[in-house]
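Q: Can you read through this structure? Questions will come right after.
The values are calculated or read from the model by the stated rules, or taken from the named source; none is laboratory data. Computed from a predicted model, the values in this text were never measured in an experiment. Cβ sites come from the backbone with ideal geometry, for glycine too, and all protein chains shown count toward neighbours. Just so you know, the surface numbers come from the protein's heavy atoms only, side chains and all, with ligands and any DNA or RNA stripped out. Shrake-Rupley method; radii C 1.70, N 1.55, O 1.52, S 1.80 Å.
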Amino acid sequence: LHSDRVALLLAPVVWAIAVDSQGVLYAGTGNDGKVLKVENRTTQTFFDAAEAEVQALAFGPDGRLFAATNPEGKVYAIDKAGKSSVFFDPEERYIWALAFDAQGRLWVGTGGEGRIYRVDAKGQSTTILTSQDAHITSLAVGPSGAFAGSSPSGLVYSIDAKDNVRVL
């Protein structure tokens with residue numbers, strides 16, 4: 001087994017990692033709420049959120065990086081220059097997971113109320129699920145629908161293309 005150190009990230013926690021189309025690595029960190037950009041073994045702050053944690057990252061179809069923060073959960077859209085704006089601001093305190101579907105819509109898994117939102121390119125949301133659990137902690141989206149994991153019960157939800165939800 002051989003491994004190389006890619007970079008030294010001076011952050012106590014790395015919550016999420018995303019890689020852009022050029023192979024550049026982005027790390028969502030806490031307890032200072034930063035997205036670090038790792039390129040050619042150098043690290044720089046790409047985005048500094050007002051919130052303490054950057055919990056999830058996902059690249060959109062337009063190449064922007066979307067970052068979910070906690071507490072007082074928000075989703076920021078960040079362009080290649082690092083300029084950001086709030087893209088989605090639900091009432092929930094926590095955003096645990098992000099994923100894009102083939103139509104370019106952002107799926108957002110939240111905590112506090114355990115909801116899944118689907119957000120269009122204009123930032124308009126539709127509630128897809130309100131779970132019996134407090135948190136939706138993971139999302140995976142594919143061509144025929146989505147899957148979501150919850151906490152504390154550890155339920156796995158399947159959501160089909162018509163937004164029908166069932167527990168697996």
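Q: Quick one: is Ala140 open to solvent by 40 Å² or more (accessible area, probe 1.4 Å), over 23 Å from Arg64 (Cβ atoms) and not basic (Lys, Arg)?
A: Answer is no for this residue.
Q: So which of Ser158, Ser153 ends up being open to solvent by 50 Å² or more (accessible area, probe 1.4 Å), free of Cβ contacts under 8 Å to residues at least 40 places away in the same chain and hydroxyl-bearing (Ser, Thr, Tyr)?
A: Ser153
Q: Would you be able to tell me the number of residues in region 52-88 that are open to solvent by 50 Å² or more (accessible area, probe 1.4 Å), of a type in the set (A, V, I, L, M) and in a loop (DSSP other than H, G, I, E, B)?
A: Here the count works out to 1.
Q: Same structure again: Could you tell me how many of the residues in region 89-107 are more than 19 Å from Ala140 (Cβ to Cβ) and either open to solvent by less than 50 Å² (accessible area, probe 1.4 Å) or modelled with pLDDT under 95 (or both)?
A: Counting residues in region 89-107 that are more than 19 Å from Ala140 (Cβ to Cβ) and either open to solvent by less than 50 Å² (accessible area, probe 1.4 Å) or modelled with pLDDT under 95 (or both) gives 4.
Q: Go through (1) among the hydroxyl-bearing types (Ser, Thr, Tyr); (2) over 26 Å from Pro12 (Cβ atoms); (3) over 16 Å from the mean Cα position of the chain (by Cα) for Tyr117 and report which single condition fails.
A: Exception for Tyr117: condition (3).
Q: Continuing with this model, one more query. Which residue out of Thr127, Thr137 is without any contact (Cβ under 8 Å) to a residue 24 or more places away in the chain, assigned to a strand (DSSP E or B), of a type in the set (Val, Ile, Thr) and within 28 Å of Gly30 (Cα to Cα)?
A: Details: Thr137 fails: without any contact (Cβ under 8 Å) to a residue 24 or more places away in the chain.
Selected residue: Thr127, the only one of Thr127, Thr137 that is without any contact (Cβ under 8 Å) to a residue 24 or more places away in the chain, assigned to a strand (DSSP E or B), of a type in the set (Val, Ile, Thr) and within 28 Å of Gly30 (Cα to Cα).
Q: Continuing with this model, one more query. State all residues of region 1-24 that are open to solvent by less than 80 Å² (accessible area, probe 1.4 Å) and either at pLDDT below 95 or in a loop (DSSP other than H, G, I, E, B) (or both); if no residue qualifies, say none. It would help to see each step written out before you state the result.
A: Initially, region 1-24 is screened for residues open to solvent by less than 80 Å² (accessible area, probe 1.4 Å), giving 7, 9, 11, 13-14, 16, 18, 20, 23-24.
Residues satisfying the conditions are Ala7, Leu9, Ala11, Val13, Val14, Asp20, Gly23, Val24.
Q: Working carefully through the options Asn31, Asn40, find the one that is touching a Pro at 6+ places or on another chain (Cβ under 6 Å), modelled with pLDDT under 95 and not charged (D, E, K, R).
A: Values: Asn40 fails: touching a Pro at 6+ places or on another chain (Cβ under 6 Å).
Unique residue meeting the criteria: Asn31.
Q: Checking the condition of a type in the set (A, V, I, L, M, F, W, C), surrounded by 13 or more Cβ atoms within 10 Å (Cβ to Cβ) and out of contact with any strand residue (DSSP E or B) (no Cβ under 7 Å at 6 or more places or on another chain), which residue from Ala148, Ala121, Ala134 passes?
A: It is Ala121.
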